Amino acid sequence: MLITNGRIVTFGERNEIIEGGAVRVDDGLITDVGPESELAAAYPQEDVVDAGGQLVMPGNICGHTHFYGAFARGMGIPGDAPSDFPQILGKLWWRLDRALLEEDIKYSALVCLVDAIKHGTTTLIDHHASPAALEGSLDQIADAVTESGLRASLCYEVTDRNGMDEASAGIAENVRFLRAVKELENPLLAASFGLHASLTLSDETLANCVVAAQGLDTGFHIHAAEGISDQEDSLRRSGKRVVERLHDAGILGPKSILVHCVHVDAWEMEILRDTGTWVTHQPRSNMNNAVGVAPVETMLRGGIKVAMGNDGFSNNMWAEWKAAYLVHKLWHGDPRRGNGYDIIKMAVTNNAALAGVFWPDAPLGEIAPGACADLILVDYHPFTELTAGNLPWHILFGFEASAVTATMVAGKWLMRDRKLLTLDEEAIAARARELSAAVWERYLELDD
């Protein structure tokens, strides 16, 4: 396949915008990129897709999300509104996840996957919880991902908050799926070992997880220092701050993801850097939960690998970029903070490198020979000059999710001309409305 008549945004090590460009795709990979005249002459027999002058870009990547939270949209929390982060966990998320049954899991994933395709997000790293339907829950999500054609890494959050038996079952689900995914004939699926957060994990459970993960070639995916309560709990429990406690437990490393890291100090940041551990930034969630703003600029300057997720917000990752760009300015009272290049560093360069932990065989997040053919077409025709140098600010101030007209993963179109090709959005939404109503009823029946 030859995609022609595009303005090619390559990203990668040396970002370029190739005017009048073309991209050749074969067997799920990009095999050539350059001026249309050259590629048309070199590959005269190829099927041609006319991009119509649109931008041709790598698909967006989400470094941390929660498919299971989809049915919370519009749901009312009974009683007084939560006044702090622990109350948000107890009143909303820890009741919602207990209300999910088997089919709910699949459809909460499907509605998120529809959202991702429409918004041009082609790779997602998910973190799941469903205590009432734990065993086999990752298979439900995997089936939805396979149906969608998207690329996703899955894990189950281990926690002690519902007892040690459930913690053991969560460990078993991670181990089972990590082994199973190696046998699946779907190279778009990957896995990691999920943990909830330090404040719901005993030393014994952390040790059990480390032992269970041995020989599975995996890292851990865990929330860390999202709210100050996590630090207070860790200090009470162990006399150590969260990152230090997790490090001593054997959780950190170059395949592990620590989500949020809002309340970390200089010593913790040094540990993160020295262990090569990943951090993901989710500014919309942090603002919504009023937990603060992570010191990601300091982390980046210090050599920590900071990527970007959405924590279950919409899969319009450009909205996450914009939130990050703005919130650091407001938080610090300084319009120089949250530089556009820092946003691109997290959301493009580092997200692509994080995705490479799960899909190491070919690069993601760039348009170059040998890279995965995960592409989007963006109907954006600016009234000012667009260059590789000012692209971040065009994205931050000009791009809207509605501009995505086509989404491709591994050389397969999942959406063309804004029409979904792999998922039936109307049918999925109709069934999700039925299921979510029952989830809300069960949610109301549960104790905090």
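Worth a mention:
- Cβ crowding within 10 Å ranks TYR156, TYR325, TYR380 as TYR380, TYR325, TYR156, fewest other Cβ atoms first.
- Counted by Cβ distance under 12 Å from ASN5, the other residues give a net charge of -2, where Lys and Arg count +1 and Asp and Glu count -1.
- In segment 381-448, chymotrypsin sites (Phe, Trp or Tyr not before Pro) in a DSSP loop with at most 13 other beta-carbon atoms within 10 Å: PHE383
- Distance in nm between pseudo-label sites at ALA388 and GLU103 (7 Å out along the Cβ direction from Cα): 5.2 nm
- Chain lengthening between HIS381 and ARG431 when straightened (0.36 nm per residue, less Cα-Cα): 14.3 nm
- Acute angle (nearest 10 degrees) that the helix 102-118 long axis makes with the longest principal axis of the chain, alpha-carbon atoms: 30 degrees
- ASP143 versus ARG161: modelled label distance in nm, points set 7 Å from Cα along the beta carbon direction: 2.7 nm
- Where a label projected 7 Å from the Cα of GLN45 along Cα→Cβ would reach, residues of segment 1-19 with amide N under 17 Å: 1-2
- Environment charge of PHE399, counting only residues whose C-beta is closer than 15 Å and scoring Lys/Arg +1, Asp/Glu -1: 0
- Extension gain, ASP361 back to LEU326 (0.36 nm per residue minus Cα-Cα distance, nm): 9.1 nm
- Proximal charge balance of LEU39 [Cβ under 9 Å; K/R count +1, D/E count -1]: -3
- Annotation note: trypsin sites (Lys or Arg not before Pro) in segment 2-68 located in DSSP loop regions with a Cβ neighbour count of at most 15 within 10 Å are ARG14.
- Label sites at ALA172 and ARG416, each approximated as a point 7 angstrom past Cα along Cα to Cβ, lie 4.6 nm apart.
- Amide H contacts for LEU414 (H built 1.01 Å from N in the peptide plane; partners 5 or more residues away or on another chain; cut-off under 5 Å): THR407, MET408, VAL409.
- The stretch between TRP93 and GLU232 holds 48.0 nm of extra length on full extension. This uses 0.36 nm per residue minus the Cα-Cα distance.
- Each of THR205, THR422 has some number of other Cβ atoms within 10 Å of its Cβ, and from fewest to most they run THR422, THR205.
- Residue exposure sequence - ASP143, ASP230, ASP80 - by fewest surrounding Cβ within 10 Å: ASP80, ASP143, ASP230
Laboratory data are not the source of any read-out in this text; all were calculated from the coordinates shown. Since this is a predicted model, take the numbers as computed values, not measurements. With ideal geometry, Cβ positions are generated from the backbone for all residues, glycine too; neighbour counts draw on all protein chains shown.
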